[in-house]
Structure formats: C-alpha cells, structure tokens
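Novice: Take this structure first; my questions come after.
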Amino acid sequence: MLAALPGVAHADENGISFWVPGFFGSLAATPQQPGWSLANIYYHTSVSAGADVARSREFTLGRVPANLTLNANLNLSLNATGNLGFVIPTYVFATPVLGGQASVSLIGAYGVVGTSLAGTLSGVLTTPFGNVPFARSESISDTTWGFGDLIPQFALCWNAGVHNYMTYITGDIPVGAYQSTRLSNLGIGHGAIDAGGGYTYFNPQTGHEFSGVLGFTYNFENPATQYQSGVDMHFDWGASQFLSKQVMVGLVGYVYKELGCDSGSGNRVGCFQSQVVGVGPQIGFLFPVGDMQGYLNLKAYGEFAAENRPSGWNTWVTFAISPPAPGAPPTTKPIVRKY
C-alpha cells in the first residue's frame, strides 16, 4: 500500500527544494508483498509567497543587476499553481536483505506549472559612483509544460509484530524541464541526496495505525546559478483508523525546516532558511483488481508557519496496484476416508 508519494516542493533557492513535504504518510514503514507494483498520482497545488521569495526570484531571473547592491522595499507577491501526474513503478525483493525487505522505485512526472509575480520593487542602488534611486513595477507570468526530474529510491523495511521499521535513501537526477531565467520550472536544476528512517505502529486487531519518517537532504550546487541550498530536515507523519479491512480514515501532516544556510557565489539573499508546517485529512480504500490489490487514497494539506517559501494547500489522489497479501489458510477439515 502506498499512502503518500512525492509531488512538488517549495523551499530553499527561490523557494524551491528537492524534498516534497508529505512524501511519506500512513503505513510508511510496513513491508509490502514481493513483486512489481505501480502507483499513479494526480497532484494539485496552489501556493503564494510574499516579498522574501519574490525578491529571491528577481535576483535569479537577472532583473536586478548582479554588480549592484540593492537595499529595497518590496511590495511584491508570487503565486503558483501546479497540476502533475506521477508514475511510480516499484519492485519488492523476495530475498531478505540484512534481515529486512528491500525495494527499489523510480519516480517520473509530467505536468504543468504556472507562476505569476506582481508588485513594486523600490529602494537605493549602491554603486561605486554613489547611491542611485531605484523603482520598478513588475507584472510577469509564465507557464511551463514538461517532465520533472527523475527520483530513484532504495528502501529497507523490517517487521516485528505491530512494530515496523524502515530506512531509505533517495536523490534527484536533474533532467527535468528547468531554465534558471524562467519563472516556472518542473525541475530544480541541481542534484540532491536524501536519507532517513521511519517507524509504523499498526495493529490489525484494533485498526490503529501511526507512522513517522524523519529525513535529511543534502543539496548540491546549482551550476546554472552557483547557488547551493542548505541542509534540510523533514518529518512526515500519518495517523489512521481502519473502519474495516477495506476502509481507513485519519490525518496526515509534516514539518519541514532548513537547518543550514544557503551559500554559493550566486547567493544574494543571505541565509534564507525555509520552514513550513502542514496538516490535513485522508481517506483510503482497498479493493481487488483482478488477481491484484488496488488502493485509492485521497489526502489534502493546509500549510502554515511558512518562512522564506511559498505556502498554501495541496491535494493528492493516489491509485496503486500491488500483489495481494497472502490469503488465510483453509479452515475446512480434511476428508477422512475409511477402507
């Protein structure tokens, strides 16, 4: 079962980062059945940001001369929406690895992102020849269709009764649609490595479930902008109650915080540490699909406590097909023949 899978993220350079808050959710650490599975996701997000993120984007777009120092007052806002489709094949190995269950996945995406930036930028440009007043009104927008970056993932899961444990490593292969001078992008323009671990409590008898996954992201420098985002920390969680063997309801959430400062010769906004918190409802359904098991999950997040990143809301619709769990052994008594 895949209760939560990746989408679009917002933090770090220009308010955009590799890690997607909400990547993991309920049952994140529980082992799956060996074999192939496939998840398809529709993801919609709608976010906005104030002057801090808009100013950062102005620098990257080159709309403020790079050789000048700007002390500015901003009345700028940035708004963005995204509609993406994800295809995520996963293979779960039957042979144990380090006493646990190993799996590999590859995440690919295609969709559209639209962004607009509007407002007024004013202040004083400090030049070698003195201070020069500066003011400009902005109203720009951009829409980009294309493929996102590729994201491979390797995970190990262990089960001990109602307790489940997992560790994972993943990263970004920056091959998606990206141009540093474009307002909307589907790729992030740089590589990244992310790793962490998680725990799931799941009692099939009572239907109680809780999951939490903690991870950290190391970002490589963006070669197009010479900007390197700091180390990010993220904690995703999910809590649910199975009303029956086929239906579950609950809550999902995340906490995202950048621990290290942004750096690089292309950084003109300083430390620019990002953070955000999100929470929302979820509902899931299990049902047979031929000789496979189908799973449909709907969840939504509302964000708050954001700093140096866009925030708003996002919704996920996940449909996954995987091998079914083994059936219960026969309960009929054996036939006894007398001769």
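The values are calculated or read from the model by the stated rules, or taken from the named source; none is laboratory data. The model shown is predicted, which means the values in this text are computed figures rather than measured ones. Every residue, glycine among them, receives a Cβ derived from its backbone with ideal geometry; neighbour counts consider all protein chains shown. Side chains are part of the model used for accessible areas, which takes the heavy atoms of the whole protein and leaves out ligands, DNA and RNA. Shrake-Rupley method; radii C 1.70, N 1.55, O 1.52, S 1.80 Å.
Novice: Any idea what log10 I(q)/I(0) is at q = 0.21 Å⁻¹ for segment 204-339, Debye with uniform C-alpha scatterers and no solvent?
Specialist: -1.23
Novice: Express the relative contact order of the chain as a whole percentage, based on alpha carbon pairs under 8 Å and six or more residues apart in sequence.
Specialist: On the way: 999 pairs, mean separation 65.2, N = 339.
Over the chain, the number comes to 19 percent.
Novice: Note down the nm distance, to one decimal, between modelled labels 7 Å out along Cα→Cβ at Tyr201 and at Tyr42.
Specialist: 3.6 nm
Novice: Report the FRET efficiency, 1/(1 + (r/R0)^6), for Phe220 and Leu243, where r is their Cβ-Cβ distance and R0 is 56 Å, rounded to 0.05.
Specialist: Details: r = 45 Å, r/R0 = 0.80.
Given R0 = 56 Å and the Cβ-Cβ separation, E is 0.80.
Novice: Hey, another quick one. Tally up the carbon and sulfur contribution to the accessible surface of the chain as a whole percent, 1.4 Å probe, everything protein left in place.
Specialist: On the way: 9750 of 15410 Å².
Answer for the chain is 63 percent, counting heavy atoms of protein chains only.
Novice: While we're here: Under 4.7 Å Cβ to Cβ, no partner at all: give me those cysteines from the chain, in residue order.
Specialist: Those would be Cys157, since no other cysteine Cβ in the chain comes under 4.7 Å of theirs.
Novice: Under the definition of Cα pairs under 8 Å and six or more residues apart, what whole-number percent is the relative contact order of segment 172-286?
Specialist: Working: 265 pairs, mean separation 21.7, N = 115.
Normalised by residue count, the contact order of segment 172-286 is 19 percent.
Novice: Could you calculate, for segment 90-174, the ratio of the Cα radius of gyration to the Kirkwood radius, expressed as Rg to Rh?
Specialist: On the way: Rg = 24.9 Å, Rh = 18.2 Å.
The Rg/Rh ratio comes out at 1.37.
Novice: Suppose R0 equals 22 Å; then what is the FRET efficiency for Val104 and Met292 from their Cβ-Cβ distance, rounded to the nearest 0.05?
Specialist: On the way: r = 19 Å, r/R0 = 0.88.
That gives a FRET efficiency of 0.70.
Novice: Per residue, how much accessible area does the chain have with a 1.4 Å probe, in Å²? Show your work: numbers first, answer last.
Specialist: Values: 15410 Å² over 339 residues.
Accessible area per residue, the chain: 45 Å².
Novice: Per 10 Å bin, what percent of the C-alpha pairs of the chain does each bin hold, from zero upward?
Specialist: For the chain, the binned pair fractions read 5, 24, 32, 19, 11, 5, 2, 1, 0, 0, 0, 0 percent.
Novice: Counting only helical runs of four or more DSSP H residues, what would the 222 nm mean residue ellipticity of the chain come to if each run contributes -39,500 (n - 2.57) and the total is spread over all its residues?
Specialist: Working: 1 runs with 11 residues, N = 339.
Taking each H run of at least 4 residues, the total per residue is -1000 deg cm²/dmol.
Novice: Give me the extension gain from Phe93 to Ile321: residue separation times 0.36 nm, minus the current Cα-Cα distance, reported in nm with one decimal. Please report the intermediate quantities before stating the final value.
Specialist: Numbers: separation 228, 0.36 × 228 = 82.08 nm, distance 1.64 nm.
Extra length available between Phe93 and Ile321 comes to 80.4 nm.
Novice: Spin-label point model (7 Å from Cα, Cβ direction): what's the Cys271 to Ile169 distance in nm?
Specialist: It works out to 3.1 nm between the two label points.
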